[in-house]
Amino acid sequence: MSDVRYPFTAIVGMADLRLGLLLNAVSPAVGGVLVRGEKGTAKSTMVRALAGLLPSIAVVDGCRFACDPGAVDPQCPDGEHAGASSAERPSQLVELPVGVAEDRIVGSLDLERALAEGVKAYEPGLLAKAHRGVLYIDEVNLLQDHVVDLLLDAAAMGRSYVEREGVSVRHAARFLLVGTMNPEEGELRPQLLDRFGLTVEIAATREPAERAEVVRRRLAYDADPASFAARFAEEERALAERITAARELLPSVELADVALRQITAVCAAFEVDGLRADIVMARTAVALAAWDGRTEVREEDVRKAAQLALPHRRRRNPFDAPGLDEEQLDRTLEEHASDPSESDAPDAPDEDPEPEGDGPGPDGGGPGDGPDGGGGAPEPVDEPVDGGPEAPDSAPEADVEAPPVPAQHPSPARESAPATAGDPYRTRLFTVKGTGHGAQGRRSPAETTGGHTIRARRPQGTLSRLHLTATLQAAAPHQAARGRDGRALVLHKDDFREQVRQGRESNLVLFVVDASGSMAARQRMSAVKGAVLSLLMDAYQRRDKIGMITFRGSGAELALPPTSSVEVGAARLESLPTGGRTPLAAGLLRAHEVLRVERLRDPNRRPLLVLVTDGRATGGRDALAQSRRAASLFAAQGTASVVLDCESGPVRLGLARTLAGVLGGTAVSLDELRAEGVASLVRENRATPSMRKAA
């Protein structure tokens, strides 16, 4: 790969992304950019190209932490820098890999010096390198949880705190956070999402001429990167000079009260959480004015700031696409476009004048032209606004179109139209018991290559993750016997220890949903679908694979083969019809077969069975016994399971909870599924130990 960056000005289209990055270059206080878009849209190319436009920074000569000579960090690990000289260097673009280890981010003990000299020395990590520069994360939504936690701490405090392996270090870590992601691969945690000042949605152009130009430029760059970059050198220089000029103008830009009121009104109208959105919008509007060479913020600046700063802050459902209601935005800006203090009180009576003793009435008549010839306003009548004799005819038409009674109360033996899912909510976390070795995710405990270091052990195979402290401790008692004569340690192969890290894995969550006539009540099925949709959202956020089996009538159907596309699962759930008998045993046996095949495909991915039923079973005299025999197959294999008990009404048989006992799992009602409430925690602590759950 060539060391010559693709020029920023050579990228075709993507005006919003271009503007979002440039605004952060003008005012880093805006807080960074999250770039959301489909694969192959040059997200990473544009972010990397930005680094060549950023102005140089002054640093203390020799400081590994990029201290500013004008504002030296008093806690800098490299000293107080009294009387140190300064130097100019380009702003850094530091890329943080998705699978990066914790010690690479925050820094760690200098292994070479510890082994060779026997001293403790700190080796800075990527956060130190990114100070006063850009921290770029490609596929940011795939970061492991412990990495996200480190970034949140640094972004919130502007400092990195390192307490590990006998090293205690604090250093400044203020950086421009830029991330790219493909929404098809999952969403970000809300806490990290809110740390991005702006968000931009991008998609490849559908115009053939623009696509042809993109291909033409890319081929030219690949053929001769240096020559291609030279073609755009003048444009790059002009853009860099404009960034510098806008930075110099930024302190002079005035944010008038009217513009500030519009900003806060828009944030309130769109019901964003907290006040960070207001601050980011204000900083973005000021940067927009400076970028245009103005010293005052205008309404168009506020509008554009809202389009960039609010979409990712007002989302409530992960399956909903981000965005703003443009009509609501225009209406709110218009309502607050003037200063309320300019409205004078004497003008108010003009809006609602008192009736005079004479003069025309509301219909142009005089004061005595009421319905009965008397004075005063006319009395209201029961005529429609459009009046005329046509209005009475509309009532019979409405009666003709009314749905017949059988459609409102379908027979359990027949298929009824799909019920709409209720509103989703945050559910309790269900995990698989024990420690797994599956793909990294966010559900059950597992040994991972990332995660937190929980202990040390002798290497199992090739040593890949050295546990330095444990290695030194194992070697220390033998130094005299090994004839150590200097500061360097004498190590043998048996001394080496490797790290055991624990993180979270993703699981296969297999939903088995009862769609029979016993579940067909509209209000009840809506609540059940809302609960399953909530569990789908939880699986979506925890990077699980999901599958769905439905059973009704005479058998069971694999409605959704195991997949990572939870959106497809939500669509299948929404269109799920109900009706017919309840072949519970068939549903369980089909689930058992699906899990058997999946174990062969991916032995390390542990399953979690979620059975959604009221526990009833029909289709023969021994239907209930057959379902329990089928359930015992899962218990014999130790499959983790949850039974969502959908039974309702004043008389309850408790069949679903009995079935959960046969499965060796846990039964929860629709009300108990929600994460909120102290009662949920109490129930969890009393639940069967076959499942680990946390609210």
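The values are calculated or read from the model by the stated rules, or taken from the named source; none is laboratory data. None of the values given here were measured: they were computed from a predicted structure. We place every Cβ from the backbone using ideal geometry, glycine too, and count neighbours over all the protein chains shown. To get the accessible areas, we keep the full protein, side chains included, count just its heavy atoms, and leave off ligands, DNA and RNA. Shrake-Rupley method; radii C 1.70, N 1.55, O 1.52, S 1.80 Å.
Below, the figures for the structure above:
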read-out	value
Where Val47 falls short, out of the listed (1) in contact with a His (Cβ under 8 Å, 6 or more places away or on another chain); (2) assigned to a helix (DSSP H, G or I)	(1)
Any hit, the stretch 51-66, residues being closer than 19 Å to Leu198 by Cβ and out of contact with any Pro (no Cβ under 8 Å at 6 or more places or on another chain)	yes
Test: residue in the stretch 456-476 that is under 14 Å from Gln499 (Cβ atoms), part of a strand (DSSP E or B) and modelled with pLDDT of 85 or more	yes
Qualifying residue in the stretch 639-646 (condition: in a helix (DSSP H, G or I), closer than 19 Å to Val512 by Cα, at pLDDT 85 or above and of a type outside the set (A, V, I, L, M))	no
Members of the stretch 546-569 found to be in a helix (DSSP H, G or I) and surrounded by fewer than 21 Cβ atoms within 10 Å (Cβ to Cβ), listed by number	Glu567, Val568
Qualifying residue in the stretch 499-509 (condition: open to solvent by 40 Å² or more (accessible area, probe 1.4 Å), touching a strand residue (DSSP E or B) at 6+ places or on another chain (Cβ under 9 Å) and of a type in the set (D, E, K, R))	yes
Members of the stretch 654-676 that are in a loop (DSSP other than H, G, I, E, B) and either out of contact with any strand residue (DSSP E or B) (no Cβ under 8 Å at 6 or more places or on another chain) or at pLDDT below 90 (or both)	Gly654, Leu670, Ala675, Glu676
The listed residue being at pLDDT 90 or above, of a type in the set (Ser, Thr, Tyr) and within 25 Å of Met537 (Cα to Cα), out of Thr563, Thr613, Thr578	Thr613
Residues located in the stretch 239-261, provided they are closer than 23 Å to Ser56 by Cβ and open to solvent by less than 20 Å² (accessible area, probe 1.4 Å)	Ile243, Ala246
Filter result for Thr264 (over 30 Å from Asp110 (Cβ atoms), under 34 Å from the mean Cα position of the chain (by Cα), of a type in the set (Ser, Thr, Tyr) and open to solvent by 30 Å² or more (accessible area, probe 1.4 Å))	yes
Failed item in (1) open to solvent by 50 Å² or more (accessible area, probe 1.4 Å); (2) at pLDDT 85 or above; (3) under 38 Å from the mean Cα position of the chain (by Cα), with Thr453 passing the rest	(2)
Residue under evaluation Val651, criteria (1) open to solvent by 60 Å² or more (accessible area, probe 1.4 Å); (2) modelled with pLDDT of 90 or more, criterion not met	(2)
Enumeration of residues in the stretch 1-52 that are open to solvent by 30 Å² or more (accessible area, probe 1.4 Å) and of a type in the set (Lys, Arg)	Arg5, Arg18, Lys39, Arg48
Count of residues meeting criterion [under 10 Å from Leu588 (Cα atoms) and either touching a Cys at 6+ places or on another chain (Cβ under 6 Å) or not small (Gly, Ala, Ser) (or both)] in the stretch 627-643	4
Exclusive hit being among the charged types (D, E, K, R), in contact (Cβ under 8 Å) with a residue 12 or more places away in the chain, part of a loop (DSSP other than H, G, I, E, B) and open to solvent by 10 Å² or more (accessible area, probe 1.4 Å), set Arg543, Arg572	Arg543
Given (1) at pLDDT below 85; (2) surrounded by fewer than 18 Cβ atoms within 10 Å (Cβ to Cβ); (3) of a type in the set (A, V, I, L, M); (4) out of contact with any strand residue (DSSP E or B) (no Cβ under 7 Å at 6 or more places or on another chain), index of the condition Ala114 fails	(2)
Selection count where residues are part of a strand (DSSP E or B) and either modelled with pLDDT of 75 or more or open to solvent by 50 Å² or more (accessible area, probe 1.4 Å) (or both), scope the stretch 165-195	11
Residue count, the stretch 603-631 (criterion: free of Cβ contacts under 8 Å to residues at least 40 places away in the same chain, surrounded by 14 or more Cβ atoms within 10 Å (Cβ to Cβ) and not aliphatic (A, V, I, L, M))	1
Arg216 vs. criteria open to solvent by 50 Å² or more (accessible area, probe 1.4 Å) and outside any helix (DSSP H, G or I)	no
Qualifying residues in the stretch 196-213 (those that are among the hydrophobic types (A, V, I, L, M, F, W, C) and under 17 Å from Leu17 (Cα atoms)) - the one most open to solvent (accessible area, probe 1.4 Å)	Ala203
Top-ranked residue of the stretch 219-238 - restricted to ones that are of a type in the set (Asp, Glu) and exposed (fewer than 14 other Cβ atoms within 10 Å of the Cβ), ranked as nearest to Thr41 (Cα to Cα)	Asp222
Total residues in the stretch 418-444, condition in a loop (DSSP other than H, G, I, E, B) and under 17 Å from the mean Cα position of the chain (by Cα)	3
Where a residue in the stretch 482-494 is open to solvent by 50 Å² or more (accessible area, probe 1.4 Å) and its partner, wherever it lies, is among the aliphatic types (A, V, I, L, M) and part of a loop (DSSP other than H, G, I, E, B), with Cβ under 6 Å and at least six apart	Arg482/Val490; Arg484/Val490
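Yes/no matrix, rows are residues, columns are (1) in contact (Cβ under 8 Å) with a residue 12 or more places away in the chain; (2) surrounded by 18 or more Cβ atoms within 10 Å (Cβ to Cβ); (3) within 28 Å of Glu236 (Cα to Cα); (4) in contact with a Gly (Cβ under 9 Å, 6 or more places away or on another chain):
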site	(1), (2), (3), (4)
Ala58	yes, no, yes, yes
Cys63	yes, yes, no, yes
Gly70	yes, no, no, no
Gly83	no, no, no, no
Glu88	yes, no, yes, no
Ser91	yes, yes, yes, yes
Gly99	yes, no, no, yes
Val106	yes, yes, no, yes
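A quick yes/no check of all residues on (1) of a type in the set (Gly, Ala, Ser); (2) touching a residue at least 60 places away in the same chain (Cβ under 8 Å):
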residue	(1), (2)
Asp138	no, yes
Tyr161	no, no
Ala173	yes, no
Leu193	no, yes
Arg206	no, no
Arg211	no, no
Val215	no, no
